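The values are calculated or read from the model by the stated rules, or taken from the named source; none is laboratory data. None of these values were measured; they are calculated from a predicted model. Here the Cβ positions follow ideal geometry from the backbone for every residue, glycine too, while neighbour counts run over all protein chains shown. When the accessible area is computed, the model is the full protein with side chains, heavy atoms only, and any ligands, DNA or RNA have been set aside. Shrake-Rupley method; radii C 1.70, N 1.55, O 1.52, S 1.80 Å.
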Amino acid sequence: MDTPEENPDPFELRRRQLESLGAALRRQMQNWSKMLEPYQALARAISPAVLEFGRQWSELSSKIGEAVKNLPPTYRRALEMLAERGWYFDEEMALSMPAQLIRIYDRPGGEEEAEAMLVQHFAQRLDSIEESICQRFPRREKIVRAAFGAHRAGQYELSIPPILAQVDGMCVDALGAEFFQRLRNDPRPRTAAYASSPEHNEWDAAWLSPLNSIGQVGKGKSERGMDFVGLNRHQVMHGESVDYGNEINSLKAISLLNYVAQVLPDVKWMKPTDVTTTKT
């Protein structure tokens, strides 16, 4: 007959195996604990710094969010103020440039510095602007190239009128509305219907805001005043001004043409209406 030692109870054997496995696991856990001690100490030391960094980052994110929320109206004001001086934003400018230019304009004697910055920017961009407009509006290429050629030749009396005419034509192509035409008793250009559409988000509305106001170039006689100085479409096209032909005015016209080409949609947004209109 077999003895208990020779044929142990299978349940007893399983119990011993589990005890042995548990002991091995306890020893392994002790070894891991010793190995992790340096890292645990490091984690305890880092935790306050991580928490402080998280707090500071949260505060910074909140400030950034607030600043971004305030950017569109600030940007809008800067673009409209530039348009009041006859200049229009170019998408190749730094986003901070419009506000920077306005600050310079507002400084005593800052107008000359701001004008010089804008002249330099658009003079350097001349070739790229010409090519992009000709690609976007190919049926206007012959006139655009002739106008840019006149500008390069210093014949500003010949470059400015066709450029201003193309601004109206391009707006009609895309929107069915002329930039220099206004609804009667409305100080805004007809392009304002597109610029003020509720379909635009805040950033798009800011970017389009110069289409929502007439600016220096579109002022009527009563808006210009007796001491008006600058580029004005009515004075040029109706022969009231004979001294408009200079590089700054030509570049102002180019800046407007470039701006319109950049912001207009690819298809007509609305159809021409039969309402009575006035033209500056």
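Derived from the Cα gyration tensor, the three semi-axes of the equivalent ellipsoid of region 161-216 are 19, 13, 11 Å, largest first. Peptides 191-203, 212-224, 164-176 ranked from most to least packed, by the mean per-residue count of other Cβ atoms within 10 Å: 164-176, 212-224, 191-203. Size descriptors for region 104-253: radius of gyration and Dmax over Cα atoms are 16.1, 45 Å. Put ILE254, ILE248 in order of accessible area, highest first, and with a 1.4 Å probe you get ILE248, ILE254. Relative contact order, whole percent, for region 91-248 stands at 14, derived from Cα pairs under 8 Å and 6 or more residues apart.
Volume per residue of the convex hull around the Cα atoms, evaluated for region 115-189, comes out as 115 Å³.
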